[in-house]
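First comes the structure, then the notes that go with it.
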Amino acid sequence: MIRPRALLLDFGGVIVETAKRPEWAAELAAEVHAMLTRAGCRDLTAEEVEDDIRAGARADRYWKDSTSRRFDPEEMTHRRFWADFVAGDWPVQARSLVTAEATPLCHRMGELRSDRKTRPVMEELLAACWDHGVVPGVVSNALCGAVHRDYMAASGLDRQVAVQVYSDEVGVRKPNPEMIWIACRALGVEPEDVWYVGDNYDRDVVCGARARVGATVLMASKSTDKIPYKVRQRPQAIVEDPRGLLELLEETWT
């Protein structure tokens, strides 16, 4: 394993552990229904809105699995998610309203959908990187990267990374190698001098291989074994958690 000049980390499953909140769709639907009612849209019940939000989220999940077969997939826009995946059969006014409010609605959806907790030893890992001349950054798929930025700022982790690249902000998504190349250009490093760390085979391991990084590291998470189809690419190393990644890095520092 090369000694890296930069360490690029996925957000969910690597920097943080996430836990889905079962009540998220009902809470979001209540807020969307109230917004529609204020605008005079009274053709949908809160229950119908919730059903369509859940259906849109599931369709988005299937869409993500299919796009990771492409070499250079683009990211879902906020407007397309709400207009096509959630509100495709809604009355024109209701569909137009959620399309106009798509970005704040995606932000709110991200806030409500999951609880997040920084993985143990992550702060120690980032500090050690700076101490040894390795620049950390974030490269992550996200329907709304602003939610991740909010968490990074609230936890103080934003001061421990040099760049954050989120798919909805740059318009492409992993395994598109451009995600990693954007971060490399921002940090002034070549991909071969970078380790990329993710928790999924079909998004992260494939992306690292396509970007020709110095090493791709797979970090185990709850979603690692959820592989939608066979992936030929393999990581250069597999670790269980941030402590395992720190130990792997330390081997290159001695």
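The values are calculated or read from the model by the stated rules, or taken from the named source; none is laboratory data. Since we're looking at a predicted model, the values are computed, not measured. Glycine gets a Cβ as well: all are built from the backbone with ideal geometry, and neighbour counts include every protein chain shown. Heavy atoms of the whole protein, side chains included, go into the accessibility calculation; ligands, DNA and RNA do not. Shrake-Rupley method; radii C 1.70, N 1.55, O 1.52, S 1.80 Å.
Applying a threshold of 9 Å to beta carbon distances and a minimum spacing of six or more residues, or different chains, the list of pairs starting in the range 155-180 at a residue that is within 28 Å of Glu124 (Cα to Cα) and ending at one that is open to solvent by 30 Å² or more (accessible area, probe 1.4 Å) and of a type in the set (Val, Ile, Thr) reads Ser155/Thr118; Leu157/Thr118; Val161/Val135; Ala162/Val135; Val163/Val135; Val163/Ile182; Val165/Ile182; Met179/Val170.
Of the candidates Thr103, Thr118, the single residue that is among the β-branched types (Val, Ile, Thr), open to solvent by 20 Å² or more (accessible area, probe 1.4 Å), farther than 30 Å from Cys41 by Cα and within 19 Å of the chain's Cα centre (by Cα) is Thr118. Among residues of the range 101-122 being in a helix (DSSP H, G or I) and among the small types (Gly, Ala, Ser), the one that is nearest to Glu23 (Cα to Cα) is Gly110.
Residues that are modelled with pLDDT of 95 or more, part of a loop (DSSP other than H, G, I, E, B) and open to solvent by less than 30 Å² (accessible area, probe 1.4 Å) within the range 49-85 comprise Pro73, Glu75, Met76, listed in sequence order. Residues in the range 58-102 that are touching a Lys or Arg at 6+ places or on another chain (Cβ under 9 Å), aliphatic (A, V, I, L, M) and closer than 29 Å to Ala209 by Cβ: 1 in all. Of the residues contained in the range 201-211, none is found to be part of a loop (DSSP other than H, G, I, E, B), open to solvent by less than 40 Å² (accessible area, probe 1.4 Å) and under 13 Å from Val139 (Cβ atoms).
Would you pick out the residues in the range 123-132 that are open to solvent by 10 Å² or more (accessible area, probe 1.4 Å) and either in contact with a Leu (Cβ under 7 Å, 6 or more places away or on another chain) or part of a helix (DSSP H, G or I) (or both)? Correct list: Glu123, Glu124, Ala127, Ala128, Trp130, Asp131. Picking from Thr18, Thr37, which residue would you name as being within 25 Å of Pro235 (Cβ to Cβ) and among the polar types (S, T, N, Q)? Step by step, each of Thr18, Thr37 is checked, and only Thr18 is within 25 Å of Pro235 (Cβ to Cβ) and among the polar types (S, T, N, Q).
Here Pro22 meets each of (1) part of a helix (DSSP H, G or I); (2) within 25 Å of Ala154 (Cβ to Cβ); (3) open to solvent by 80 Å² or more (accessible area, probe 1.4 Å); (4) not aliphatic (A, V, I, L, M) with one exception, condition (1).
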